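*Asks:* After the structure tokens below, expect a handful of questions from me.
The values are calculated or read from the model by the stated rules, or taken from the named source; none is laboratory data. What you see is a predicted model, and the numbers here were worked out from it, not measured in a lab. Cβ coordinates were reconstructed from backbone atoms using ideal geometry, including for glycine residues, and neighbour counts include every protein chain displayed.
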Amino acid sequence: MYSPVSHATMSDPWYGTSGPRDAQIVLVGESWGAAEADQRLPFVGESGKELTRILADAGISRNQVFFTNCFAAQPPGNEAWRFFNKRGETKWRGLNPTPWVKSELDRLYHQLREVGPKVVIAAGNYALWALTGEAHVSFSSESTGDGATVLVPSGIMSWRGSMLESNVLEKSIKLIPIIHPAGILRAWYQRAVTVHDLSTRIPLALSGDWRPTPPPNIVHLPSFELADHILGQWLIHCASGNELRLSHDIETSRGNITCMAFADGPYRNGSTALVIPLVRPERSGGFGNFWNPKEEFSLVRTMRLLLGHPNVRIEGQNYNYDTQWIERDWGIRPNLDFDTMLAHHLLWPGTPKGLDYLASLYNHYYWYWKDDNKEWDVKVGGWEAHLRYNAEDALRTYECATELRAQIVAQGFTELWAIEKAKNEMALEMMRRGVRIDRARRAEMGFHLSHEKQRINQWLAKIIPQDLITSSEFAPKNSKKPWWDSGKQQKDLFYRILGFPAKRNRKTGNETLDAEALERLRKDIPWAARLWDALELQRSIGVFHNTFIGAELEPDGRMKCSFNTAGTETFRWSSSTNAFWRGTNLQNIPKGEERD
């Protein structure tokens, strides 16, 4: 790996920095660009100039900030991963740093000790990695030139705007990750959210308002008596003629609702989030009962009354998903009043609609939490984290709903919001009713498609016999599939045995034979046009059969799909399988007339 000659030593710890050395705000970037390398100063190139404007728009003067970088040098190609060792060498903080990289980080940590800021702004993935334990680490698709790969940090798009604590010094420092200004120049739509992150979080850090004190009351493993009491108090409140707003969220796994959470306020003191576990994980990997039959009957009865009570205003995020499960298991339709995903889509179409993104905009206290529940495994623990994650979702949803309701009124969208709610009700009814399917006709179509695919496969076997693969050094060891049904065998056949120019995925850099690759091969190897046509048609038949003809029906023989009224920025609906992976995308069924 590349190790630059640098003047940055512990005897000159301020090399490559700028700004007051007693600043309350420190901004840490990744490495130098060309302008920075020329002037030996941070953030003086085009991205630095844009950073100055971003800070000004957030109410921060550049004179208030001490600027530095993880690495006081410019990497080849402006790719910081080139400072690191190849894959397989000793790891530190999840990556493979060279001794020079470690010395640069020691210099950075020394600067932070000396400056003693109230808050650090970490710009980009390497700053997130160097200053927290939150960065994801994965292998880069980039090659070092000799076929080796390197580990690189990622995650800034998830963690941006989070109110974190840096853990690299003896004393923790408040830290906010932001998208690097060079990244903003490449993706201008990220600028507004970066201004928001700085303008909302930095004043909180400087004033010491970084966590709710006391925190909300999260009850995630309640006794029956406590769960019954909290639910009962809510029910008494609304039964007395009072309106009650409750956010509601469910978690599902393996065909079960594992738990559901209610919250009666935002992520602040005074709010209660109650999680009702509905199953208990077992060592076998399955689920058992969490409550005895009498307790479960009582709690479910109370929750059904709450969800359907006319004085209860249920708030949810993408709540049509939750509704499908509740209708299936409990036979009721919750009294949904406000869906945060739909409201945000109405106000800001084309922007992300996930709850984490909404919370980063509308929550007073925010830090990314969605990885807390990622691929949790009942066999290895994580059950309590799963329940707390459910509570977090409910608290975040409540606060998002409060702010979004105010925004709808402030922006004069009240009438449009009523229309969106009506559209959502229509979509839910369509999802509930489904579409009647002529199963005899569907079976006939499936037969014809299978026959046509078999005819194409016979032609492919005649043109390129399977023996060409099995007699080569690339013969499959365990696969019993023929080459025309195996993606790996096809890549070996075309790229290694026949020597056609290999095509790579634009994003991952991996070898591919996807639709784009076939089109490029069609141009490079035009004499094999019939072969490319046959493979394309074979794949199209397979996709059509699996996606539409083979889509699973409901027990009553109808096709029930999900319809999302917030699916596109143009407000065109989108369609997909339902919450139980049955149905399909009914909106984009090919006519079968695309090719002669």
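*Asks:* Hey, any hits in the range 432-446 for a residue that's surrounded by fewer than 14 Cβ atoms within 10 Å (Cβ to Cβ), in contact (Cβ under 8 Å) with a residue 24 or more places away in the chain, aliphatic (A, V, I, L, M) and over 30 Å from Lys523 (Cβ atoms)?
*Replies:* Yes, the range 432-446 has at least one match.
*Asks:* Follow-up question, since we're still on this one. Do you know which residues across the range 521-554 are within 19 Å of Gln587 (Cβ to Cβ), among the hydrophobic types (A, V, I, L, M, F, W, C) and surrounded by 15 or more Cβ atoms within 10 Å (Cβ to Cβ)? It would help to see each step written out before you state the result.
*Replies:* The initial filter retains those residues of the range 521-554 that are within 19 Å of Gln587 (Cβ to Cβ), namely 540, 543-554.
Applying the additional criterion that residues be among the hydrophobic types (A, V, I, L, M, F, W, C) yields 543-544, 548-549, 551, 553.
Across the range 521-554, the qualifying residues are Phe544, Phe548, Ile549, Ala551, Leu553.
*Asks:* Does the range 489-502 include one or more residues that are surrounded by 17 or more Cβ atoms within 10 Å (Cβ to Cβ), modelled with pLDDT of 90 or more and in a loop (DSSP other than H, G, I, E, B)?
*Replies:* No.
*Asks:* Here is a check on your reading of the model: is Thr323 buried (at least 20 other Cβ atoms within 10 Å of the Cβ) and either of a type outside the set (Asp, Glu) or within 30 Å of the chain's Cα centre (by Cα) (or both)? Outline the logic, then answer.
*Replies:* Values: buried (at least 20 other Cβ atoms within 10 Å of the Cβ): yes; either of a type outside the set (Asp, Glu) or within 30 Å of the chain's Cα centre (by Cα) (or both): yes.
Considered against the rule, which asks whether it is buried (at least 20 other Cβ atoms within 10 Å of the Cβ) and either of a type outside the set (Asp, Glu) or within 30 Å of the chain's Cα centre (by Cα) (or both), Thr323 comes out as yes.
*Asks:* A further question on this structure: For the range 387-413, how many residues are within 13 Å of Phe338 (Cβ to Cβ), free of Cβ contacts under 8 Å to residues at least 60 places away in the same chain and of a type outside the set (A, V, I, L, M)?
*Replies:* The qualifying residues number 1.
*Asks:* Further question: Scanning the range 243-297 for residues that are in contact (Cβ under 8 Å) with a residue 60 or more places away in the chain and β-branched (Val, Ile, Thr), which turns out surrounded by the fewest Cβ atoms within 10 Å (Cβ to Cβ)?
*Replies:* Thr252
*Asks:* Separate question: Inspect all residues belonging to the range 93-101 and state whether any of them is in a helix (DSSP H, G or I) and surrounded by fewer than 21 Cβ atoms within 10 Å (Cβ to Cβ).
*Replies:* In the first step, residues of the range 93-101 are kept if they are in a helix (DSSP H, G or I); the result is 99-101.
Going one step further and asking which of them are surrounded by fewer than 21 Cβ atoms within 10 Å (Cβ to Cβ), we end up with 99-100.
Yes, the range 93-101 contains at least one residue that is in a helix (DSSP H, G or I) and surrounded by fewer than 21 Cβ atoms within 10 Å (Cβ to Cβ).
*Asks:* Would you check if there is a residue in the range 569-590 being farther than 30 Å from Ala343 by Cα and modelled with pLDDT under 95?
*Replies:* To start, the set of residues in the range 569-590 that are farther than 30 Å from Ala343 by Cα comprises 590.
Those left that are additionally modelled with pLDDT under 95: 590.
Looking for residues that are farther than 30 Å from Ala343 by Cα and modelled with pLDDT under 95, one finds at least one in the range 569-590, hence yes.
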